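The values are calculated or read from the model by the stated rules, or taken from the named source; none is laboratory data. Because the structure is predicted, anything quoted here is derived from the model rather than measured. Note: ideal-geometry Cβ built from the backbone for every residue, glycine included; neighbour counts use all protein chains shown.
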Amino acid sequence: MKFNPETYHIPDESMKPFIDDGEIWDFLDQAEPTAENVRKVIEKSLSKQRLSLADTAVLLRTEEPDLIEEIKQGARMLKEKVYGKRIVLFAPLYVGNYCSNNCRYCGFKASNKEAVRKTLTREELIANVKALEEHGQKRLILVFGEHRTYSPEFIAETVREVYKVKKNHGEIRRVNINAAPFDIEGFRTIGQAGIGTYQIFQETYHHETYAKCHTSGKKSDYDWRLTALDRAMEAGIDDVGIGALFGLYDWRFEVMALLRHVNHLEACYNVGPHTISFPRIQDALEYDLDDRYAVSDEEFTRLVAILRLAVPYTGLILTAREPEQVRREVLAFGCSQIDAGTKLEIGAYAENPEVDQNLTKEQFKINDDRTLNEVIDELLEADYIPSFCTACYRKGRTGEHFMEFSVPGFIKRFCTPNALLTLAEYIEDYASETTAEKGWRVIERNIAELGDPRYEQQVRQRIERIRQGERDLYF
Ligand code: SAM
Ligand code: SF4
């Protein structure tokens, strides 16, 4: 028995191992990617239905260039239909890199004697949060190694501390977590600190590869990790994020397994994951895996387009691991969140904001080190609405992404206006002059497109209040 029966009471169906490698390969092997089948699947998705595993396998097996372009075009259309122009921004904050696991791809692995280990002190944590606030960040994801130091109590305390830090108009309004899996009690402790999303990646869903990549430590237990979110749900955390680290095993298999995980959560808890992440492997200290399963840029952009079509209502998170041009292409497929102004070195936001990456101190290499303002500027230029909105979460409208899609008119009534208000705050407090000009133009254009004079007037009134110095206004 892998679980502690004292604390482990999940429903029977979720106790069953739900990833069957053979079954996933069967779906992929049986898929027939004829033009007719591919178009049928794209159409199904465009009518905003979730795709089945068999449907998704058809897209994953498509190799004909024209059909691949149709898949990408389908993702672009779906994005326009469902997501509109908002892109939510966040930053990762690495709190500590002590780790007792040996994940072969990770710079923090226990066997890395050269890695410089550090946990932020309370003062350092506050200084880093202030530095992030000074740039305009409002949403963070706190990241931890897996180590006894980072207990549920420690994580909960860190979350509370972050919410308390205020600098001028700056404050952090949503704290998400990426940390080791806990038992139900542990998750309860963390949930009570008021976290946003609890995020944990299975890395690879392929059993044999998982064993090969996770050679020692608690993370070597595949099932303990796979069932983490079942325990989180049991503990009352219903806002969760899943992910796979692309490059460890066949990317088509991993996309299918992510979908299987979504199905499992929906079947057992009636709520799927809020977000899916698809980090692609980057260089790291003592990286020692071969590149047999490396995912090319073309395959990567394709897999994001397929994920978008497969789960039209799930948030997709894209990170600074990806270079600018890849980020630009996949944003058009409906990624809903990106990080910006990212630094991985522990304490770097406050201490040495300009230094280059140093892999003895960081988990892996990133490829987009632009500042938050630079990223916002580019988003505005491309007619997106950069957003720091946290309204639903703070108004207790939980399951924000479901609300957004299931309530007719919700995006026009709430999401777009709230995104515009957070953009106005950013412009007033942090934007460069040129970014501010572009920002006001985007705000003006989008207010005019709201299509209802009452909404237009309400948004204009609130924007005026922001210009007069009020903050944190939302619908
Ligand atoms: N220790 C926690 C855990 O393992 O769940 C936190 C994980 S880590 C700080 C966040 C994620 O970074 C990992 O889950 C993994 O997917 C990803 N990662 C690790 N090494 C990487 C690498 N070399 N390149 C890209 N992503 C990597
Ligand atoms: Fe530790 Fe997470 Fe890195 Fe694995 S991925 S070595 S658990 S920090």
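Structure summary
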| quantity | calculated |
| --- | --- |
| Top-ranked residue in region 108-126 [being within 16 Å of ligand 1 (Cβ to nearest atom) and β-branched (Val, Ile, Thr); ranked as surrounded by the fewest Cβ atoms within 10 Å (Cβ to Cβ)] | Val116 |
| Single match in Arg225, Arg231 (criterion: within 12 Å of ligand 1 (Cβ to nearest atom), at pLDDT 95 or above and either touching a Cys at 6+ places or on another chain (Cβ under 9 Å) or not aliphatic (A, V, I, L, M) (or both)) | Arg225 |
| Scan of region 187-222 for residues that are without any contact (Cβ under 8 Å) to a residue 40 or more places away in the chain and within 14 Å of ligand 1 (Cβ to nearest atom), ordered by number | Tyr210, Tyr222 |
| Residues (surrounded by fewer than 20 Cβ atoms within 10 Å (Cβ to Cβ), farther than 26 Å from Glu146 by Cα and either modelled with pLDDT of 80 or more or of a type in the set (S, T, N, Q) (or both)) located in region 330-368 | Ala332 |
| Any chance Tyr105 is touching a His at 6+ places or on another chain (Cβ under 6 Å) and within 16 Å of ligand 1 (Cβ to nearest atom) | no |
| Restricting region 88-125 to residues that are more than 9 Å from ligand 2 (Cβ to nearest atom) and among the basic types (Lys, Arg), the residue that is farthest from Thr422 (Cα to Cα) | Lys113 |
| Residue within region 371-390 that is in the same structural domain as Asp239 (by TED's automatic domain parsing), among the aliphatic types (A, V, I, L, M) and under 27 Å from Lys118 (Cβ atoms) present | yes |
| One residue from Val129, Val88, Val58, Val95 being at pLDDT 95 or above, under 21 Å from Leu245 (Cβ atoms), crowded, with 21+ Cβ neighbours inside 10 Å and not aromatic (Phe, Trp, Tyr) | Val95 |
| Tally of residues being among the β-branched types (Val, Ile, Thr), farther than 22 Å from Gln199 by Cα and without any contact (Cβ under 8 Å) to a residue 60 or more places away in the chain across region 109-165 | 3 |
